[in-house]
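The values are calculated or read from the model by the stated rules, or taken from the named source; none is laboratory data. Small disclaimer: the values here were computed from a predicted structure and weren't measured. Virtual Cβ from ideal backbone geometry, glycine too; neighbours counted across all protein chains shown. The area values use the complete protein model at the heavy-atom level, side chains included, leaving out ligands, DNA and RNA. Shrake-Rupley method; radii C 1.70, N 1.55, O 1.52, S 1.80 Å.
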Amino acid sequence: MSIQRVARCWTRDFRSRISSTRAFQRSRRHQSTGTGTDAPGASLEPPPAGGHLPSVATSKYLSSTREKSLRTPGLTWTDEDDTSPAREVVGGRETRKMNLYQAVRDAMSHALMKDETAVVFGEDVAFGGVFRCTMGLAEEFGQERVFNTPLTEQGIAGFGIGLAAMGHTAIAEIQFADYIYPAFDQIVNEAAKYRYRSGGQFNAGGLTIRTPTMSVGHGGLYHSQSPEGYFMAASGIKIVIPRSPIQAKGLLLKSIRDPNPVIFMEPKILYRSAVEQVPVDDYELPLGKAEVLQKGSDLTLLTWGTPVYQCETALSLLSSPPASLQHVVPESLRGASIEFIDLRTILPWDIDTIVESVQRTGRLVIVHEASKTGGVGAEIGAEVQRKCFLKLAAPVRRITAWDVPTALQYEKFIIPDPIRILDGIMETLTY
């Protein structure tokens, strides 16, 4: 076929598509106005800038007020102890609007201020880091306590283990979680086992490894991975993934002070998009304890990190589907009572809270951004099926990334989105 004929065919096809699109738009205008003619001004109402569905910016799971922030479940102030009187009214505490990276920076500032042995190090951290989490710390505490390292993840982890073994508080940064694999031997064979190997004479409990994790929509192969599952069998370490600024600050401070080495993974897309009123004082949140964000009785929805907000959108689609989805969301399911849980600590995960929930609901859907095979959801699903087998009304469902490398394009087709989560919830409810 000649180039001219190809061009003519393409032009005819393009004009046909334009004609069909215009016909569709006219029919939509007629439906919205109830008329059969193009009346002046008859058009669909444009959606608001943020859309009609909940997002990170509008999430009800973020604390936008001081009162809600100060009443965060599980929050404990480090300047109070068990002998302090219980407070029904929280007074004398201030909050400040922060995004997630500012909350992380605030936590490290508290740690450096209160612990003279604490040091922060990693690639480019003295300059503020690629995500600005250490901005200004070198100027505030000196370059002997906040400093850059060579580009060697294995060396960063090994250096941190040595510092921790000598009694220092080592706060290391791996620039991206995708780069943590060269440090795998140091973390799994040294940090995790040092206390046991030395019979309790030495330990690396003072080591905390911070690293940005999960996808951003365009990170490709080496800036989008969620490697938490690789460490699930490494007894002796803890893994923590926060969902918000309040959670990040409280969980990071607890991780730094925990007597075990901790890998603290920070969802990088939330660094700037998640914003809350965060208490300015020093506080901690418990490790190893999941948080029930929403009580329910028909199904347990479990996730952590960024997918918390994808799940929130899916729950909105289930209860109040837009016109375009009403024909696929049965009315009988729209009133389903969903128990929504943020796992927070991946290792050791909160078996008691999850099992208790599934015993009541009879159904479990697990959502995570890592691949399905060998993921954290597989371990949780196996344990839940063992402990809740006679109570289950449906098989445990996992909604995860596909078992493929994260592509350079169409990343959003690989990770779980609200539609896939909605579909999984409906299939589990109707099993």
Handout entry: Karplus 3J(HN,Hα) series, Hz, for region 61-74 with 6.51 cos²θ - 1.76 cosθ + 1.60 (x for Gly, Pro)
Key = 8, 9, 8, 9, 10, 4, 4, 5, 4, 6, 9, 4, x, x
Practice task
Would you mind telling me the share, in percent, of accessible area of the chain contributed by carbon and sulfur at probe 1.4 angstrom?
Solution key: 54
Fill in the blank from the handout: Ranking 300, 76 from most to least accessible area with a 1.4 Å probe gives 76, 300
Practice task
Compute the acute angle (0 to 90°) between the alpha-carbon long axis of helix 418-429 and the principal axis of greatest extent of the alpha-carbon atoms of the chain; round to the nearest 10°.
Solution key: 90
Problem - Cross-link table 193/295; 193/372; 268/289; 289/391, entries beyond 30 Å C-alpha to C-alpha - result: 193/295
Fill in the blank from the handout: Along the dipole axis of region 291-430 (charges at Cβ: +1 for Lys and Arg, -1 for Asp and Glu; origin at the Cα centre), the most positive-end residue among 302, 399, 381 is 381
Exercise for the section: Given the options 311, 388, 133, state which has the largest fluctuation in a GNM of the chain using a 10 Å cut-off (strictly under) for Cα springs. Expected result: 388
Practice task
Could you work out how far helix 376-388 tilts from the main Cα principal axis of the chain, as a 0 to 90 degree angle to the nearest 10?
Solution key: 90
Exercise for the section: Any chance you could give the angle, 0 to 90 degrees and rounded to 10, that helix 245-257 forms with the longest Cα principal axis of the chain? Expected result: 30
Practice task
Output ³J(HN,Hα) for region 270-286: one whole-Hz value per residue in order, computed from phi by the Karplus curve 6.51 cos²θ - 1.76 cosθ + 1.60 with θ = phi - 60°, and x for Gly and Pro.
Solution key: 8, 3, 10, 7, 8, 10, 9, 7, 10, x, 7, 6, 7, 8, 9, 10, x
Problem - Net dipole in debye of the chain [+1 Lys, Arg Cβ; -1 Asp, Glu Cβ; about Cα centre; nearest 20] - result: 1920
Exercise for the section: List every residue whose amide H lies under 5 Å from the amide H of residue 238, counting only residues 5 or more places away in sequence or on a different chain, with H placed 1.01 Å from N in the peptide plane. Expected result: 262, 263
Handout entry: Solvent-accessible area per residue, Å², over the chain with all protein chains present [probe radius 1.4 Å]
Key = 48
Practice task
Over 27 Å, how big is the tail of the calculated P(r) for region 291-430, in percent of all Cα pairs?
Solution key: 17
Practice task
Write down, largest first, the equivalent ellipsoid semi-axes of the chain in whole Å, where each equals the square root of 5 times an eigenvalue of the alpha-carbon gyration tensor.
Solution key: 43, 27, 24
Handout entry: Table column - 3J(HN,Hα) (Hz), region 106-120, Karplus curve with 6.51, -1.76, 1.60, x for Gly and Pro
Key = 5, 5, 5, 4, 4, 5, 5, 5, 8, 10, 5, 8, 6, 9, 10
Practice task
Tally the DSSP beta bridges in the chain and give the antiparallel ones as a percent, rounded to 5.
Solution key: 25
Fill in the blank from the handout: Sorting 425, 316, 359 by the position of each Cα along the dipole of region 291-430 (Lys, Arg +1; Asp, Glu -1; all at Cβ), the one nearest the positive end of that ordering is 359
